[in-house]
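Novice: Quick one: structure below, then a few questions.
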Amino acid sequence: MIISGYTFSEPKQINATDNIERAAVYIVMTHNSQSWYYLYVGQTNDVAKRFDQHEKWSCWQRNQQSEGLFVAISLEPNKDKRLAIETQLRNVLPGLPCNRQ
């Protein structure tokens, strides 16, 4: 899936993500029967460990729609590039209530 010009994986439920260590930019999103809603953009050097210990977990849960929490990832090994992509996405994507708190 293409989001603001970047290639991301198809969204997977957060509890269904693989446990392979990967550096990536990620977008936490939620879905109801009609639309996707972006909740948070972040970056990490280890996707496998990031979600279960994330400080914004409670915000994601408060804002989730009926279909649950999902994540789409864009693999990027270079930290400087990840930070630049994260910043750009935070500036252009609508919503992102958990980045704004």
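The values are calculated or read from the model by the stated rules, or taken from the named source; none is laboratory data. Quick caveat: nothing in here was measured; it's all calculated off a predicted structure. As a convention, Cβ positions derive from the backbone with ideal geometry for all residues, glycine included, and neighbour counts pool all protein chains shown.
Novice: Pick out the one residue from GLY95, GLY68 that is more than 21 Å from THR7 (Cβ to Cβ) and either surrounded by 12 or more Cβ atoms within 10 Å (Cβ to Cβ) or among the β-branched types (Val, Ile, Thr) (or both). Break it down stepwise before answering.
Specialist: On the way: GLY95 fails: more than 21 Å from THR7 (Cβ to Cβ).
Residue meeting the stated conditions: GLY68.
Novice: Could you please find all residues in region 31-65 being at pLDDT 90 or above and within 10 Å of the chain's Cα centre (by Cα)?
Specialist: Hits for region 31-65 are TYR38, LEU39, TYR40, VAL41, GLY42, GLN43.
Novice: Can I ask one more? Could you please give the count of residues in region 10-65 that are of a type in the set (Gly, Ala, Ser), surrounded by fewer than 16 Cβ atoms within 10 Å (Cβ to Cβ) and not in a loop (DSSP other than H, G, I, E, B)?
Specialist: Looking only at that region, the number is 3.
Novice: List pairs: first in region 54-66 and free of Cβ contacts under 8 Å to residues at least 40 places away in the same chain and under 11 Å from LEU96 (Cβ atoms), second part of a loop (DSSP other than H, G, I, E, B) and not aliphatic (A, V, I, L, M), Cβ under 7 Å, 6+ apart or cross-chain?
Specialist: Hits for this filter: ASN63/PRO97; ASN63/CYS98.
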